[in-house]
Amino acid sequence: MPTLIVTTHPDSDSLTHHLAQRLAQELRSTSDSTSVEVADLAAEGFDPRYTLADRHTYRVGGDFTPDVAAEQERLDRATDLVLVFPVYWWSAPALLKGWFDRVFVNGWAFGLDADGGIVRKLDRLRVHLVPIAGDDAGVYDRHGYEQAMRTQLEHGIVDFCGARRGVTTFVHDSEGEDADARTRAVEVAAEAIVGAIRA
């Protein structure tokens, strides 16, 4: 299946990038390499700032700026979207949030019918989430952080746009001293995502 892997970490040596590249390599090992694309939003210089031009796009349901149209075209080629990102302040990084704000917009990701109801347009897309978390799973469970992120991303974006939920797999304790545990967590996440896409 054509897959777009999007990552948003500024450090090319980060665990986030390592996992995104691993996913791409594993998916390419059994499929046409042109069907897997990695989008490094930080390296590409995507501008996450929502401007008056973006407000205009939202209001008219079209007239996309060239950078937004390019992202939409990239997404239109994919059946699976994998988001690999670090957790900042219990949420997605600003770069990824800005990508959602500017790209998943009225006229492309959703629209309005004649009665003002929502028309969800991304039913062709399955979305997988791989948050890279600094804290352990117990902290996320005790404070409800995982559920909060799932609500924001799975329900607030994926469901709203009519896309299908894929696999959500957290890599916890990414900054811990136990390298073996971190390696196992990465392997579990990679296996879950690759398995879901290949299924």
Considering each of R49, R22 in turn, give the residue that is out of contact with any Pro (no Cβ under 6 Å at 6 or more places or on another chain), basic (K, R) and surrounded by 17 or more Cβ atoms within 10 Å (Cβ to Cβ). R22
Count, please, the residues in segment 110-131 that happen to be of a type in the set (A, V, I, L, M) and in contact with a Phe, Trp or Tyr (Cβ under 7 Å, 6 or more places away or on another chain). 2
From the list V60, V82, V68, pick out the single residue that is free of Cβ contacts under 8 Å to residues at least 60 places away in the same chain and within 17 Å of the chain's Cα centre (by Cα). V68
Among the residues of segment 6-22, is there at least one that is assigned to a loop (DSSP other than H, G, I, E, B), within 14 Å of the chain's Cα centre (by Cα) and either β-branched (V, I, T) or over 27 Å from A185 (Cβ atoms) (or both)? yes
Enumerate the pairs (first residue in segment 146-162 and at positive phi; second residue anywhere and part of a loop (DSSP other than H, G, I, E, B) and modelled with pLDDT of 95 or more) with beta-carbon separation below 8 Å, excluding pairs fewer than 6 apart on the same chain, so at least 6 apart or on different chains. G162/K121; G162/L122; G162/D123
For segment 47-76, what are the residues that are of a type in the set (D, E, K, R) and either touching a strand residue (DSSP E or B) at 6+ places or on another chain (Cβ under 7 Å) or assigned to a strand (DSSP E or B) (or both)? R74
Please list, ordered by residue number, the helices (runs of 4 or more DSSP H) wholly in segment 81-199 having 2 or more residues that are open to solvent by less than 20 Å² (accessible area, probe 1.4 Å). 94-103, 179-198
Residues of segment 103-138 satisfying the condition of being among the basic types (K, R) and closer than 27 Å to P86 by Cα: R124, R126
Within segment 25-46, residues part of a loop (DSSP other than H, G, I, E, B) and open to solvent by 80 Å² or more (accessible area, probe 1.4 Å) come out as S29, T30, D32
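The values are calculated or read from the model by the stated rules, or taken from the named source; none is laboratory data. Since we're looking at a predicted model, the values are computed, not measured. Using ideal geometry, Cβ is built from the backbone for each residue, glycine included, and neighbour counts are taken over all protein chains shown. Ligands, DNA and RNA are excluded from the accessible area calculation, which covers all protein heavy atoms including side chains. Shrake-Rupley method; radii C 1.70, N 1.55, O 1.52, S 1.80 Å.
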